[in-house]
Structure formats: structure tokens, C-alpha cells
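Reading through the C-alpha cells given below for one structure.
The values are calculated or read from the model by the stated rules, or taken from the named source; none is laboratory data. Everything quoted here is computed from the prediction, not taken from an experiment. Here the Cβ positions follow ideal geometry from the backbone for every residue, glycine too, while neighbour counts run over all protein chains shown. Keep in mind that these areas ignore ligands, DNA and RNA; they rest on the heavy atoms of the full protein, side chains included. Shrake-Rupley method; radii C 1.70, N 1.55, O 1.52, S 1.80 Å.
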Amino acid sequence: MSESYFQVESGALGPEENFLSLDDILMSHEKLPVRTEAPMPRLGAFFQERGAEPDPALPQGSKLEIPLWLAKGLFDNKRRILSVDLPKIYQQGWRTVFSADANVVDLHKMGPYFYGFGSQLLHFNSPENADISQSLLQTFIGRFRRIMDSSQNAYNEDTSALVARLDEMERGLFQTGQKGLNDFQCWEKGQASQITASSLVQNYKKRKLTDMED
């Protein structure tokens with residue numbers, strides 16, 4: 001019998017991702033541009049272009065795009081295995097756009113995990129880390145009010161167009177605002193006092209019935 005998935009909170013905005021969070025798993029597979037600072041033996045066949053002569057080693061200075069989880073595993077300040085280049089969305093040009101008006105940017109198109117991915121970039125000791133963290137904070141502050149205002153003024157309406165430009169964390173905030181509005185509407189209609197069994201209780205009863213039938 002299939003079990004319901006209980007959402008696990010993301011840890012990407014903190015020091016480390018939560019390996020039980022589906023959002024963090026998906027976020028850790030986002031690609032990050034890197035440059036090799038030393039030859040990497042036996043990795044040439046995995047990264048060389050098609051049609052190129054086979055080379056058992058990946059040469060120093062090779063430019064690659066690898067998942068975030070792999071970049072974090074290989075990055076080491078002392079051994080200098082690879083260096084990380086900032087994705088364009090976190091560079092100075094885009095930070096200027098965000099500081100001018102963060103609401104005009106389609107964050108989901110730029111990266112569905114904009115805040116979580118940006119927070120994880122701070123692991124790579126870039127000289128721009130302070131500017132990146134400040135930009136992430138100010139971008140969130142600049143967009144938060146509009147997100148919550150929209151969630152509170154879209155009762156029983158199609159909200160797909162409203163959330164299309166939001167990153168995944170912002171979509172979660174929007175859904176929380178919608179739930180709060182729906183709960184308030186139910187309270188106004190006198191429906192808040194109705195008691196219903198939680199999904200945990202319902203699933204437990206189903207399992208008990210299945211066990212008794214077996």
C-alpha cells in the first residue's frame with residue numbers, strides 16, 4: 001500500500017542541505033560552472049567532447065558544468081582541485097537589477113531554487129560572498145510583500161499566472177498565505193468549529209483494516 005509523502009523542510013538556507021528534503025535533492029543537482037585547477041586522472045572520458053581524441057586525464061584549466069553536490073565534494077581550499085565561477089544570475093550585473101526592482105525578475109525561469117542555491121554558493125569562499133548574501137536578503141525582502149499581498153487577494157481565483165515567476169521557496173510562502181486566507185474565510189462562515197479526522201488517523205485506520213483482512 002502506498003504511503004503519503006510528508007514534506008520535509010529544506011535546510012539549504014542554512015549550513016547544509018537536508019538529505020531527506022526533496023527540494024534540497026533537486027536543488028543539489030543544479031549545474032554550477034567550474035574550472036579545474038589541476039589535472040584529474042581517469043576523468044577525461046567522462047567530460048571530453050564527442051569526437052575528441054581519448055585522453056585518460058582531464059587537463060588543468062578545463063571548464064565544466066557539474067552538479068552542486070559534486071562541486072561541494074571536490075572543492076578544497078588547500079588542495080585547489082577546482083575553482084567555482086559564479087552563475088550569471090548571482091553576478092554583479094544581475095545584482096544591480098535586483099537592487100533596482102527585484103519584482104520584475106522571473107526567478108523561476110532563472111533558477112527554481114534561487115535562494116537555496118545562492119546560499120550554498122557561500123561554501124566556495126568567493127570574494128563576492130558578502131555581496132551575494134546581501135543581494136539574496138534584499139531580493140527576498142523586496143519581493144515578500146507583493147507575494148503575500150497577491151496570496152491574500154486571489155481567493156477562489158486561478159493563481160497559476162501569479163506563481164509562475166516565483167522560485168520554489170516563494171511558492172511555498174504563497175501557498176501558506178492562501179491557506180491562511182482560506183482558513184479565515186471558513187472561520188467567517190462559521191465552519192472553523194467542524195472537527196475532522198487528520199490524515200494520520202485516517203491512514204492508521206486504513207492500515208488496521210488491511211491488517212485485519214490479512
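Quick grid of which residues meet (1) touching a His at 6+ places or on another chain (Cβ under 6 Å); (2) modelled with pLDDT under 90; (3) within 22 Å of residue 168 (Cβ to Cβ):
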{"position": "52", "(1), (2), (3)": "no, yes, no"}
{"position": "61", "(1), (2), (3)": "no, yes, no"}
{"position": "73", "(1), (2), (3)": "no, yes, no"}
{"position": "108", "(1), (2), (3)": "no, no, yes"}
{"position": "115", "(1), (2), (3)": "no, no, yes"}
{"position": "119", "(1), (2), (3)": "no, no, yes"}
{"position": "127", "(1), (2), (3)": "no, no, no"}
{"position": "132", "(1), (2), (3)": "no, no, yes"}
On the given criteria, is residue 66 of a type in the set (Val, Ile, Thr) and not in a helix (DSSP H, G or I)?
yes
Hey, can you tell me all the residues within region 70-90 that are closer than 28 Å to residue 143 by Cα and open to solvent by 80 Å² or more (accessible area, probe 1.4 Å)?
88
Which pairs turn up if I take residues in region 9-25 that are under 9 Å from residue 116 (Cβ atoms) and look for partners that are of a type in the set (Gly, Ala, Ser) and at pLDDT below 75 with beta carbon separation below 6 Å, at least 6 apart in sequence or on another chain?
17/11; 23/10; 24/10; 24/12
What are the residues in region 53-96 that are touching a Phe, Trp or Tyr at 6+ places or on another chain (Cβ under 6 Å) and over 25 Å from residue 24 (Cα atoms), if any?
58
Quick one: which helices (runs of 4 or more DSSP H) sit completely within region 92-179 and have at least 3 residues that are open to solvent by less than 60 Å² (accessible area, probe 1.4 Å), under 22 Å from residue 17 (Cβ atoms) and of a type outside the set (Lys, Arg)?
114-120, 129-152
